[in-house]
1. Would you mind finding the one in ALA180, ALA176 that is away from the ligand (no atom under 11 Å from the Cβ) and open to solvent by 40 Å² or more (accessible area, probe 1.4 Å)?
2. Given the options ALA108, ALA126, ALA162, name the one that is at pLDDT 95 or above and within 16 Å of the ligand (Cβ to nearest atom).
3. May I ask you to list pairs of residues, at least six apart or on different chains, whose Cβ atoms are under 6 Å apart, with the first in region 277-298 being more than 29 Å from LEU117 (Cβ to Cβ) and the second being open to solvent by less than 40 Å² (accessible area, probe 1.4 Å) and hydroxyl-bearing (Ser, Thr, Tyr)?
4. Condition first: near the ligand (Cβ under 9 Å from one of its atoms), closer than 24 Å to SER154 by Cα, at pLDDT below 95 and of a type outside the set (A, V, I, L, M, F, W, C). Can you find one or more residues in region 254-261 that meet it?
5. Among (1) away from the ligand (no atom under 16 Å from the Cβ); (2) open to solvent by 10 Å² or more (accessible area, probe 1.4 Å), there is one condition LEU218 misses while meeting the rest; what is its number?
6. Given (1) more than 26 Å from ALA301 (Cβ to Cβ); (2) in contact (Cβ under 8 Å) with a residue 24 or more places away in the chain; (3) among the hydrophobic types (A, V, I, L, M, F, W, C), where does VAL90 come up short, assuming only one miss?
7. What are the residues in region 344-385 that are of a type in the set (Lys, Arg) and either assigned by TED's automatic domain parsing to the domain that holds LEU186 or surrounded by fewer than 21 Cβ atoms within 10 Å (Cβ to Cβ) (or both), if any?
8. Going through GLU462, GLU514 one at a time, which residue ends up being outside the structural domain of PRO410 (by TED's automatic domain parsing) and not in a strand (DSSP E or B)?
Amino acid sequence: MPHRVLVADDLSAEGVRILREAGLEVDVKVGLPAAELAAIIGDYDGLAVRSATKVTAQLLERATRLKVVGRAGVGVDNVDLEAATRRGVVVMNTPGGSSVTVAELTVAHVLALARHLPQATASVKAGRWEKRRFQGRELAGKTLGVVGIGNIGSVVVARCRALEMDVVAYDPFISADAAARLGVTLVPLEELWSRADVVSLHVPLTEQTRNLVDAAVLRKLKPGALLVNCARGGLVDEAALAEALAEGRLGGAALDVFEREPPPPDHPLLKSDRFICTPHIGASTEEAQSAVAVAIAGQLAAYLARGEVKNAVNLPSVPVEALERLGPYLDLAGRLGSLAAQLGAGPGGMEEVKVEFAGELSGAPQRALTARVLRGLFQHFVEAPVNEVNAPGLARERGVAVREERSADPEDYVSLLTVRVRGERGEVVVSGTVFGRKEPRVVRVNQFRLNAEPEGHLVICENDDAPGVVGNLGVTLGDAGVNIARISLARADDRSAAFSLLNVDAPATPELLERLRTLPHVRSVRAARL
Ligand code: NAD
């Protein structure tokens, strides 16, 4: 009997044709109420959706035959991934399907800013002919600074190089080799801000990238620089941007995305003549909509016909028996990867991730642990959901080498897992172990040996080995109402530096972190969440 697929959201005709040509029996029933969908879902092996259909735990309970859910697009917020995984249903998405489309809008905004297209159009339509007012500038020979060179950023790079722009980029999760193949020079973020004539953002919204462009950064940009954000609302401090435009420090800014969408009518940016915008239409072209439909149809067909998995976001990759034995170490591996990312992994462009297994772990299935490390690490850099299945491929695509090494000597521990993330400008090292078979501990961060719980909100501080630092940290956190649950201290063997990792009950705000950084003897402060 052929497999049956239900197309529950609008999928282009091309997508449906691909499913049928693959020998699948396809029903297209768009916009069914939840109860009707639940009543028929039991008849299908595959389900194709966009963002409208909610694939809830209740629906999945009725989906007794269902093997795969295909989401045409990136976000899978409308699918209950945990419930799907529990029921052995693979969920797939289509990362990258709209990259060209979003990149083209970005380039359109850059050109529109450089030549004042929207303002000039409005002026002519209002009966004026203001040639001098709309004198623009050439892009050729100017420097574009791209923050984030993933799927979309890398297409923007290629398009802007064709416009004869020089391109510099900042992206912690790409090797210098891979960047060179794209024709960009990786530079530290500070250098990008000061060198770029045009800045374009292409990063996901994470704790690290929220308000990436704030008042302080806006002051660092070249006078007259142009700023474009076709990525995510929240990357740019919109009030600070409005101020920079009003003061004439920036030449112009273009947003496709806002912190609140739609922006309120009295939003200060909407009053600025140097500001242009679009209503979050980055991915809205016929071609992109069709591309993601074609991609998901191909993936569904390949899975149902041949069991081939592509872009799965929820595959359990470890056999159940191994899971029981390895469970606490898998969890530790993910936490170490995540901690390395939040400690600034791969300074200056990630080159290599090395996972070292020592003691009892040297005989464990390393691939599963490595995949978990990579997932923990990469989830901080990549927009699409990262899992053990796609993480190794993401590393390959970005020219990041992944190595595994066994060693017999676990130092003072029964087992020791070490993650080293090397970049052009140094290395981040974290090690951990599991106490009593279920208590994960971080026992090393770079040169420091400690005993810390990798759990919840953390404040991580490097300082001079001087008296009073910990007291000051405690008082400053206390004044801000942030309770410290646990402090782990360490110092370098030669006492050239000291280190504290504080488990706190609430996240430290960016302002609080700034205050901590100004305390005497404090060298650096980071917040992390595990
Ligand atoms: P991607 O995951 O392929 O690339 C993101 C890149 O950002 C990665 O290479 C990552 O290493 C880098 N990155 C992560 N954190 C960083 C940091 N702190 N500093 C510098 N670089 C960092 O994602 P993508 O598909 O290229 O999407 C890029 C952005 O575009 C996302 O925010 C996505 O939501 C947005 N997007 C917008 C629209 C729209 O309609 N305007 C449509 C699709 C995607």
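The values are calculated or read from the model by the stated rules, or taken from the named source; none is laboratory data. Note that the structure is predicted; figures quoted are calculated from it, not measured. In this analysis, Cβ positions are derived from the backbone assuming ideal geometry, glycine residues included, and neighbour counts consider all displayed protein chains. We work out accessible area using only protein heavy atoms, side chains counted, and drop any ligands, DNA or RNA first. Shrake-Rupley method; radii C 1.70, N 1.55, O 1.52, S 1.80 Å.
1. None of the other options fit; the residue is ALA180.
2. From the options ALA108, ALA126, ALA162, the qualifying one is ALA108.
3. Listed pairs, sorted by first residue: ALA293/SER12; ALA295/THR94; ILE296/THR94.
4. So far as region 254-261 goes, no, none of its residues is near the ligand (Cβ under 9 Å from one of its atoms), closer than 24 Å to SER154 by Cα, at pLDDT below 95 and of a type outside the set (A, V, I, L, M, F, W, C).
5. Evaluating LEU218 over (1) away from the ligand (no atom under 16 Å from the Cβ); (2) open to solvent by 10 Å² or more (accessible area, probe 1.4 Å) leaves (2) as the failure.
6. (1)
7. LYS354, ARG367 - these are the residues of region 344-385 that are of a type in the set (Lys, Arg) and either assigned by TED's automatic domain parsing to the domain that holds LEU186 or surrounded by fewer than 21 Cβ atoms within 10 Å (Cβ to Cβ) (or both).
8. GLU514 is the lone residue from the list that is outside the structural domain of PRO410 (by TED's automatic domain parsing) and not in a strand (DSSP E or B).
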